[in-house]
Amino acid sequence: MDPRPLHTPPMDPPPSDPPPLNPRPMDLRPWESPELTSWRRLSMHAVDRGAGALSLDDDHWRFQLLPAPEVPPSEDWRHLKVPGAWTTQDTDDLPQYTNWRMPWPDIPPHSPAANPTGVHERDVDIPADWAGRRVILHVGAATSVLIAEVNGRAVGIGKDSHLASEFDITDAVRTGEANTVRLTVVKWSDASHIEDQDHWWHGGITRPVLLYATDPLHLADVKITAPADGRLRVEVQVRHADGPLPAGWRVSGHLDGVGELTPDEEYAAWCVREDRVSDFLGEARLLATVPDVRRWSAETPELYGLDIRLHRPDGSIADTSRHRVGFRTVEIVGNDLLINGERVFIRGVNRHDFHPLTGRTVTPGDMRADLETIKRFGFNAVRTAHYPNDPALLDLADELGLYLVDEADIESHDHAHEIADDPRYLGAFVDRVSRMVLRDKNHACVIVWSLGNESDYGANHDAAAGWLRRYDPTRPLQYEGAAKTDWSGADIASDILCPMYASLDEITAHAASGEQTKPLILCEYSHAMGNSNGTLADHWAAIETTPGLQGGFIWEFWDHGILQRRATGRPAGPAASGAYAHGVAADGYRWAYGGDFGDVPNDGAFCADGLVFPDRTPKPAMYEHREIAAPLRLTRSDPDRPPRVTNAQHFRDVSWLTAEWRLSVEDGGTRTAPAVLPDLPPRASADLPLPHGLLAELPAAGAAGGGEAWLTLYVTTRHDEPWAPRGTEVCAPQIQMRERSAPAPLAAVPVAMPVAVPVAVSGHSPGVDAEGLMRHPLLTCPPALSLWRAPTDNDLLGGAADHWRALGLDRLVREPVSVDRTDGRVRVRSVYPTGAGPVEHEQVFGLLNDDGLLIEETAVLPEGLTDVARVGTVFETVAGLNHLQWYGQGPWETYPDRRTGGPVGHHRARVDSLFTPYLRPQESGGRSGVRRFALLSDTGTGLGVRLDAPRQVSVTRYRAADLAAASHHDELAPRPRCVVHLDAAHRGLGTASCGPDTLPRYRLGPGTYRWSWVLRPL
């Protein structure tokens, strides 16, 4: 083994006088100098200096917003909170949203002449006992160019809006007295062209600011290597601010539960020569071997505390650094990414640093809430899209157990091809990748490095990849653009094939082609914009059964809606924390998206593409993912044998789980019984005995209380988990115990039904008027054919909505053909003209001797109607029906291609809660597989409907036209009546707003559709 150092890290720049600049170094024009990535900024490191630091986070900062960086500040100051973007704190510069377009037309590296520049200034008392020590200014993040001054002296410049800049300000401060810190932030710059992420544009200081002090001789960096075999190696860098290292200093380390680390004598012998007191790099290496090591994984996030100490010659401690170590190994073998030797499915989500009140500023509490939510819904991985997240998030991911793809702050989307090979940006690419790695290298959660996002592919990527491979050979790296054109080719910049929005057919075909050369893990798939994430279960059915496919990352976690005051049109700001709940903004507020702040250009609601609402309320798609990712799977292939339960986890047994059986019978309610889970190691299966006492209560199929029956295993946490309290629901696998006994809802004998003329119906008897319109005392609008839905975001951006409108499906006009009375029934034939030809519709009405009304319907779609939204019935009820009870899938919203997460059972909800408030109003609130439902008043009266087969049903207060006409929810006025859709068939949702549309089997084409239903007063 070659004992020489594995790396030669960059050194702190030597102290020097600043160049001949004015007090604000504007002569350099750093906002239009891509070659200038920093000036006097210290090297990035992994030593946490938060303990003992002096926080400058508060609202005591003096602030003024200048129109351009060349404009000198005036004496007109206001106060601003730091950290916090000025774009969310009631300034004249408001947020702007673009997906990939730059907000101005100039080509790189130019910035616009109108360039908001924020000057942040405050006085700070430097402790007297810091005299003689090294004083460092730490600015967690600033968008996009930071110019730092202390007491009127320029101390440094930094770029990169998502990594910290640190400056040695020792020579500029006066200890024991007040000092003035000024931080000037220029919003637009050459760096903005490589920070062109799909996010709101903000300006300001967005992460914490602090001062800390060290002795001149200090711990400069610590690099930890902790593979799964327990062999720990720690490389320590020591530096002296005033020159060479003196003799007699040493480094030691202690690992909790293990003991003292030992020096690597072979390494020390190479580094230290007899003719010098110490190695000029100040490097030391410590070793330990941990017996019976507890391995870290997302399921078992085992961490060991590590203390690194720097000792003076007399043995006293001059400096310390505390770390948490997770022992785990990441490697690629063939086409598999292995964690601790196991092929782990990557169930990932992309995440931005986001908050609806503060923009990019998030607290550790915010981040913990994010990751706890992510864990509770079955995700085990996060991609830090598209930049290094706040460092507190990595600490939390280590603790809670999440795999991270750590992504560099590089996206040049609008000018990707030019910048990828532009040597002026070479330094920026390498700088951003290397600083991310230097900061985050010791985190067990980081399993893959990413070179950035949507920046084409060029020499700048290869240069950054070369540095990264040399510095950290323990992790793979990825970059989607490197393999965009050739999935089977070898390249420098990606060890993982990580396509974006590849279709299910494309990825399965590649895995079966014999040409695959690396793991396939989609960096983005299943775009969560509005009512979306269709075919998620289909994707995972293929992933879990196809060698070479290993998962992916849903786009994305958040809807980036900013809370907006309706009266002023401005961001609500941090004080409005109580102005939203359960995804809904309070009166006087709304969730703003692109264009709502007068921002031009903008990309509209494309920022509302998350799995949670802006207040972190989960959308229904989250429950779909939770069931797909269930740690326990339940199958039953033989009705004479008990079901099989499988532990689908990779590293953990099932002792942390507990369960309960729930038996739901269509005509007989719900019963419960405890379940006893067997001892199951990872990936093992066993029989799970059925609850005999519970099944003994199951009525016979033809008896009262009989009918269809489903048995659900509700699985919860047995004890408090770091990410969930005891009793948190984890999954609900389900098996069918008995099928429906009757294929049609005919429960009584038809009797003669009158044709009511005129239209009005006397008393409480239903009838059909001369025009063939059915009138019923509980309905305000007669049942009519519906072929259209209020377009979802996928329908709009994928083109389906334009197709439907072109055919006239949003404005169907019924033309009666005939009304016939035969055998006590009324048969009504109608046609609905469309741009593809007429749709024939027949309704047959018959009264039943139990006061029910039977409606049998047939619709014949012509050959030209190749893709419609729905085929079914729509009607409206009388007012006052506020409660829905149903037997079907639920309790949350489900659709034909997104229904795995909704178990069949008895459910109930208020009608007003059934609608899902996606940021842009659209089709929502549907429930799949509904067999029967009842709409009831507060006193329990109302109507009941039984369907011939499991159907798609929605009950809301809005017509489809109401939703289609609104751009925000504050434009909607709920109707007092219920709008009910009973669909014989409903189109899938897909993800066509950015990605594949729904699969062919979830689309509706020409042909004959039949459905029937019984309406009864209750």
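The values are calculated or read from the model by the stated rules, or taken from the named source; none is laboratory data. These numbers come from a predicted model, not from an experiment. Counting neighbours? That spans all protein chains shown, and the Cβs are built from the backbone with ideal geometry, glycine included.
Residues in the stretch 847-882 that are over 40 Å from the mean Cα position of the chain (by Cα), part of a strand (DSSP E or B) and polar (S, T, N, Q): Thr858 only. For the structure I just gave you, tell me whether His60 is at pLDDT 50 or above and either assigned by TED's automatic domain parsing to the domain that holds Thr363 or surrounded by fewer than 14 Cβ atoms within 10 Å (Cβ to Cβ) (or both). Considered against the rule, which asks whether it is at pLDDT 50 or above and either assigned by TED's automatic domain parsing to the domain that holds Thr363 or surrounded by fewer than 14 Cβ atoms within 10 Å (Cβ to Cβ) (or both), His60 comes out as yes. Looking at the structure I just gave you, is Val71 β-branched (Val, Ile, Thr), farther than 21 Å from Gln564 by Cβ and outside any loop (DSSP other than H, G, I, E, B)? Considered against the rule, which asks whether it is β-branched (Val, Ile, Thr), farther than 21 Å from Gln564 by Cβ and outside any loop (DSSP other than H, G, I, E, B), Val71 comes out as no.
Residue by residue, here is whether (1) crowded, with 22+ Cβ neighbours inside 10 Å; (2) closer than 24 Å to Glu35 by Cβ; (3) free of Cβ contacts under 8 Å to residues at least 60 places away in the same chain holds:
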site	(1), (2), (3)
Ser74	no, no, yes
Arg78	no, no, yes
Trp86	yes, no, no
Asp90	no, no, no
Trp104	no, yes, no
Ser111	yes, yes, no
Asn115	yes, yes, no
Val119	yes, no, no
Asp123	no, no, yes
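Is it the case that the stretch 140-150 has a residue that's part of a strand (DSSP E or B) and farther than 26 Å from Phe429 by Cβ? Yes, because at least one residue in the stretch 140-150 is part of a strand (DSSP E or B) and farther than 26 Å from Phe429 by Cβ. Restricting attention to the stretch 427-457, the residues that are at negative phi, outside any helix (DSSP H, G or I) and out of contact with any Pro (no Cβ under 7 Å at 6 or more places or on another chain) add up to 13. Filtered by the rule that a residue be hydrophobic (A, V, I, L, M, F, W, C), in contact with a Pro (Cβ under 9 Å, 6 or more places away or on another chain) and in contact (Cβ under 8 Å) with a residue 40 or more places away in the chain, the stretch 394-426 gives Leu394, Ala397, Leu400, Leu402, Ala408, Ile419. Does Thr361 count as assigned by TED's automatic domain parsing to the domain that holds Asp440, of a type in the set (S, T, N, Q) and touching a Ser or Thr at 6+ places or on another chain (Cβ under 8 Å)? Yes. Test Gly583 against the criterion of being within 19 Å of Leu989 (Cβ to Cβ), at pLDDT below 95 and not assigned by TED's automatic domain parsing to the domain that holds Arg383, and give yes or no. Yes, satisfied. Screening the stretch 285-318 for residues that are of a type in the set (Asp, Glu) and closer than 21 Å to Asp215 by Cα and picking the one that is surrounded by the most Cβ atoms within 10 Å (Cβ to Cβ) gives Asp307. Within the option set Asp802, Asp850, Asp867, being without any contact (Cβ under 8 Å) to a residue 12 or more places away in the chain and in the same structural domain as Asp912 (by TED's automatic domain parsing) holds for one residue only, Asp802. Scanning the stretch 815-837 for residues that are in contact with a Leu (Cβ under 7 Å, 6 or more places away or on another chain) and outside any strand (DSSP E or B) turns up Thr834, Gly835, Ala836. For the stretch 5-12, the count of residues that are modelled with pLDDT under 95 and charged (D, E, K, R) is at least one. The single condition among (1) surrounded by fewer than 21 Cβ atoms within 10 Å (Cβ to Cβ); (2) among the hydrophobic types (A, V, I, L, M, F, W, C); (3) not in a helix (DSSP H, G or I) that Ala493 does not meet is (1).
One line per residue, one yes/no per condition, for (1) surrounded by fewer than 21 Cβ atoms within 10 Å (Cβ to Cβ); (2) modelled with pLDDT under 95:
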site: Ala704; (1), (2): yes, yes
site: Val715; (1), (2): no, no
site: His719; (1), (2): yes, no
site: Met737; (1), (2): yes, yes
site: Val755; (1), (2): yes, yes
site: Val759; (1), (2): yes, yes
site: Pro791; (1), (2): no, no
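Residues in the stretch 81-104 that are over 13 Å from Gly203 (Cα atoms) and of a type in the set (A, V, I, L, M, F, W, C): Trp100, Met102, Trp104. A residue that is free of Cβ contacts under 8 Å to residues at least 60 places away in the same chain and of a type in the set (Gly, Ala, Ser) occurs nowhere in the stretch 436-456.
Could you list, in sequence order, the residues of the stretch 430-454 that are more than 20 Å from Ala416 (Cα to Cα) and of a type in the set (Lys, Arg)? Arg435, Arg439, Lys441 - these are the residues of the stretch 430-454 that are more than 20 Å from Ala416 (Cα to Cα) and of a type in the set (Lys, Arg).
In summary, strands (runs of 3 or more DSSP E) completely within the stretch 543-605 and bearing 3 or more residues that are under 30 Å from Thr517 (Cα atoms) occur at 549-554. When residues in the stretch 870-886 are screened for being in contact with a helix residue (DSSP H, G or I) (Cβ under 7 Å, 6 or more places away or on another chain) and either under 21 Å from Pro838 (Cα atoms) or free of Cβ contacts under 8 Å to residues at least 60 places away in the same chain (or both), 2 of them pass. Residues being charged (D, E, K, R) and under 20 Å from Pro1006 (Cα atoms) are represented in the stretch 867-888 by at least one member. Of the numbered criteria (1) under 27 Å from the mean Cα position of the chain (by Cα); (2) farther than 30 Å from Asp850 by Cα; (3) not in a helix (DSSP H, G or I), the one Ala964 fails is (3).
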